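Any read-out appearing in this document is the output of simple, stated calculations on the displayed coordinates, not a laboratory observation. Fair warning: this is a prediction, and the values are worked out from it, not measured in the lab. Using ideal geometry, Cβ is built from the backbone for each residue, glycine included, and neighbour counts are taken over all protein chains shown.
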Amino acid sequence: MTHLSVNLNKIGLLRNSRGRDYPNLVDMAERTLKLGAFGITIHPRPDQRHATYQDAHDVKELLKRFPGAELNIEGFPEAQFLDVVLEVEPDQCTLVPDDPNQLTSDHGWNIARDQDALRPVIAKLKAKGIRVVLFMDPDPESMVLAKEVGADRVELYTEEYANAFGKTGFEDILDNYQNAAQAALDVGLAVNAGHDLDLNNVQTLCAPGRIMEVSIGHALTVEALDLGWDNVVKAYLAKLV
Ligand SMILES: CC(=O)[C@@H](O)[C@H](O)COP(=O)(O)O
Ligand SMILES: NCC(=O)COP(=O)(O)O
């Protein structure tokens, strides 16, 4: 079984577009958890275009009423982000090598280059009992270093997987992701996955059983426009058993 962490960035985007607290992100988080989702993910970016730092505090407070459910905060480890994470103390922090001006996340860490910066950050987060995940491209060779710098898990960046799904050559891409996941498991890292996963492609990635958690937001929100939020969350849960 793969855990579903629903990313509420796009709920935050919709809310922020009118300057009122509607839709209320915490209400959507509560609704999502009541449907059986394992957790909530938010990725507050420096411009707080969607999820905000206050959302991190508010969702953490909500989770006190949902024992066993997890909060995953994603982001680049700049000072303000780290201050918020260390205050909120989520169950998990996924470090993503995003530039503040990026439209969205589009690459994993270059650990060989960034290891000196990552090590103390990872140590500080782990000292607070926060599970640390590194957002990674599906490169089996990089998993040893991810473990060596102190990560607990990696999150495989799955845009390439999603783009290849159902097309010629997909099997080779799928094999690469499964090999990268196995390489992570072989060095003692658990494996998350995320970015552009959807109802059509998620099951093939998770079926072999190597993926512990997927975080899904953009496609889930778009699919909910057709199917309704509750139906979409239930549909993902049914595919991840
Ligand atoms: C790291 C990643 O792939 C996603 O979690 C990210 O949160 C997407 O960010 P946007 O919702 O800003 O596109
Ligand atoms: N880490 C991936 C995530 O949280 C959501 O990515 P997406 O489903 O919005 O592409």
Hits in region 95-117 - residues which are of a type outside the set (D, E, K, R) and farther than 12 Å from Met136 by Cβ:
Pro100, Asn101, Gln102, Leu103, Thr104, Ala112, Gln115, Ala117
1 or more residues away from ligand 2 (no atom under 16 Å from the Cβ), more than 20 Å from Thr94 (Cβ to Cβ) and in contact (Cβ under 8 Å) with a residue 60 or more places away in the chain: qualifying helices (runs of 4 or more DSSP H) within region 1-67:
25-34
Whichever residue in region 200-218 is among the aliphatic types (A, V, I, L, M) and within 17 Å of Phe38 (Cα to Cα) and, among such residues, is nearest to ligand 2 (Cβ to nearest atom):
Ile216
For region 201-225, pairs from a residue that is surrounded by 23 or more Cβ atoms within 10 Å (Cβ to Cβ) to a residue that is charged (D, E, K, R), with Cβ under 6 Å and 6 or more apart or across chains, are Val202/Lys239; Gly217/Lys10
From the list Val154, Val191, exactly one residue is more than 12 Å from ligand 2 (Cβ to nearest atom), in contact with a helix residue (DSSP H, G or I) (Cβ under 7 Å, 6 or more places away or on another chain) and under 30 Å from Ala224 (Cβ atoms). Which is it?
Val191
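Only residues that are assigned to a helix (DSSP H, G or I) and within 16 Å of ligand 1 (Cβ to nearest atom): list them for region 68-94, please. Spell out the reasoning first.
First pass over region 68-94, keeping only residues assigned to a helix (DSSP H, G or I): 79-88.
Selection gives Phe81, Val84, Val85.
Considering every residue within region 158-179, establish whether at least one is closer than 24 Å to Leu125 by Cβ and either β-branched (Val, Ile, Thr) or surrounded by fewer than 15 Cβ atoms within 10 Å (Cβ to Cβ) (or both). Steps first, answer last, please.
Residues of region 158-179 closer than 24 Å to Leu125 by Cβ: 158.
Still in the running and either β-branched (Val, Ile, Thr) or surrounded by fewer than 15 Cβ atoms within 10 Å (Cβ to Cβ) (or both): 158.
Within region 158-179 (the criterion being closer than 24 Å to Leu125 by Cβ and either β-branched (Val, Ile, Thr) or surrounded by fewer than 15 Cβ atoms within 10 Å (Cβ to Cβ) (or both)), the answer is yes, since at least one residue qualifies.
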